[in-house]
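Comments concern the structure below.
The values are calculated or read from the model by the stated rules, or taken from the named source; none is laboratory data. Every value quoted in this text rests on a predicted model; they were computed, and no experiment measured them. With ideal geometry, Cβ positions are generated from the backbone for all residues, glycine too; neighbour counts draw on all protein chains shown.
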Amino acid sequence: MLRFSRPKTVHRIALLGFGELLVLAGSLNLATHIRYFRYPEELVQFSYRMPERSFIFAVAMLLSMAALGLYDTHMRTNWFGVLAHQVVAFIVGTVFLSVGYYVLPQAYVGRGVMTIALLLGFVGVTAFRTVFLRLCDIKALKRRVLILGAGERASQFHFRMRRRSDRRNFCLVGYVPRPNEIVAVPFDQLIHGDQPLHAVIQVQQVDEIVVGVDDRRGSLPMDDLLECKQLGVPVTDLATFFERESGRVQLGLVDPSWLVFSAGFHATPLRLVSKRCFDLAVAVVIIALSWPLMLGVWLAIRLESGPGQPILYRQERVGEHGQTFWMVKFRSMRTDAERDGVARWASKQDDRVTRVGRITRKLRLDELPQLWNVLTGDMSIVGPRPERPQFVSELATKIRYYNVRHSLKPGLTGWAQLLYPYGASEQEAAEKLKYDLFYVKNHNLVLDLLILIQTLEVVLFGRGAR
């Protein structure tokens, strides 16, 4: 059977980025001709090194859009939210270019050309992205997924991946129930019949089989699944599929054997060395760029609290392998916030937070002293956020696999901070753990870099701050 190859998600993101790179580069070229079309001599002079100038302009804007999460496959927002992110990305890109032109004056394009290029680029990117995403939303271009099973495990897929945004990379063909299985999914989505599974996938043009049966012991059609594999159709466990598509580990679907035998948890010496070098390099750069901000925060706290009051705040946190360390922050609460010695979660509109603290927490400036913890090796730039020992001892007894997050150094920022708001309860801690486990399993240098870039979006939009 001739199979129609549908583009993978990573390929679509690469195509989107490459297309928008060309649009942005073309916008600078077009802006140059619009600005100087009446002055041929100046046009010839300005067109010198135009390919390099166009490339620098396009890359700067592309990185700004990446920093605002516009290439995040797990982004969930409406068209207005996307447009708002794009506006901020172009503003950030303009600032970045303005600074860059002082460092590299040969790339300077002039205010008139820059303004026209930004307007053309914004319109061009918006139009290209709209058309591109509409094309990607065509069912014929999506992976066709068949769920083997129709019981409780399959129902978790139905209820947790039911939104259109959750299924934008694939379309569901249906559920194939197994004998003696209690059906827990909509009956109109069941695929009945006496045909073997390999025949069903050929008739339905299935691109991937996801195994979601409740009890695998003796209930899996192994010969049929092997036949499907030979036809080129991948067979994926439901927990693995959910992890890949949603960017989090669904705790209700996994067991210890899945964590042991699944891919990930890369802790090779090379990875540890590269992560440490990344931490040191980024920490030094951030300190060099942010010391005026840290000085401003120091002065603001001093002016508000008066002499004799502490500027910094040291708090015990749980780090790698459960070892505790003292984390350093700018003080954002009153000095008597926990005068009774009882640890408390921060809440919305917490009256213990000072006026300066509300601003520093919103902008994440209170966390800048943690760069010292990165330099000393207690923390990493990217990783699960460290919690207090009192909370960890309680959460570890109530939430399964909670201590797995301590297999890495805690981070200044992390995957959970990008995709989930501030957690201040047992239920929210369990939700955040899904994202932390995803990072622990899949961390690498590229993912660290992407998380670091997209942290800019968290700071600018104040997501997760409390």
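Quick test for you: out of VAL233, VAL284, pick the one residue that is part of a loop (DSSP other than H, G, I, E, B), of a type outside the set (Gly, Ala, Ser) and modelled with pLDDT of 90 or more.
VAL233
Checking the conditions here, which among ARG168, ARG164, ARG217, ARG160 is touching a residue at least 40 places away in the same chain (Cβ under 8 Å) and among the basic types (Lys, Arg)?
Being touching a residue at least 40 places away in the same chain (Cβ under 8 Å) and among the basic types (Lys, Arg) holds for just one of ARG168, ARG164, ARG217, ARG160, which is ARG160.
Please determine whether any residue of segment 107-122 is among the charged types (D, E, K, R), surrounded by fewer than 18 Cβ atoms within 10 Å (Cβ to Cβ) and not in a helix (DSSP H, G or I).
No, the conditions are met nowhere in segment 107-122.
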